[in-house]
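> Take a look at this one; I'll ask things after.
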Amino acid sequence: VLDATAPIHDLLALRPDARIEDIAVEDSKATTAKRHMIHCAGIGRKRLESLSPERRTEFLLAITQSIETNLRDVKRVLGRAPKVLVISYKVLIPELQLYLTLPGVEWVHYGNTRGYDGWFQRGFDAFVTIGDPYSNLGTERAAWGLLKVSTVDVDAYCSYRAQAECAQAHGRARDPQAKKADGIRYHAHYGRLPPLGWSTDNTVVEVLT
């Protein structure tokens, strides 16, 4: 299996007799891809639904204002307005669109991201994911139990799958994936879990205040 986000724990459970290697490929030192992890807890769908309208608006405004600030830095580097792709929960996108009013933004929801390397070929400069894309937790826990996964506990299993989905949304951020545009390629994630392949070695990490 050659896949950037292969279901390692599923494979190990299904074929405990097989030798499975999980290999991470580092970015080239000359890469133009920049990763930015902005840690913010409480952005899950259930948590957002529990907030008062005022607190929810305040929280989402803080996120969109942070995005606009970071994209202004990208604009300065590029010398032009960046072409931006934002990925989030389907139910949250209409509300986010009220607050993030930058030109050149295209919106996509989680679950509709796999295999979309075409975004690079369309010249997007910035990829922003908002929220950790957990799937249906009941279904994930049932799969963990059915497969008798022993390599990780059920919570780590669910988190791994969310991180894999988020990595799919960002696509191949490393060289030699070509981008049909000039300058840097900027990737940012707002949430609690870093996408697979992101670490303190290749990502700038900060906390949303």
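Every number here is computed from the coordinates shown, using simple stated rules; none is lab data. Here the structure is a predicted model, which means the values were calculated and not measured. Cβ placement follows ideal geometry from the backbone for every residue including glycine, while neighbour counts extend to all protein chains displayed.
> Going highest first, how would you order 71-81, 44-54 by mean Cβ packing within 10 Å?
71-81, 44-54
> Between residue 49 and residue 139, what is the label-point separation in nm under the 7 Å Cα-to-beta-carbon projection?
1.6
> Further question on the same structure: Between residue 95 and residue 69, what length comes free when the chain is fully extended (0.36 nm per residue of separation minus the Cα-Cα distance, one decimal in nm)? Don't skip to the end; give the middle numbers.
Values: separation 26, 0.36 × 26 = 9.36 nm, distance 1.91 nm.
7.5 nm is the gain from fully extending residue 95 to residue 69.
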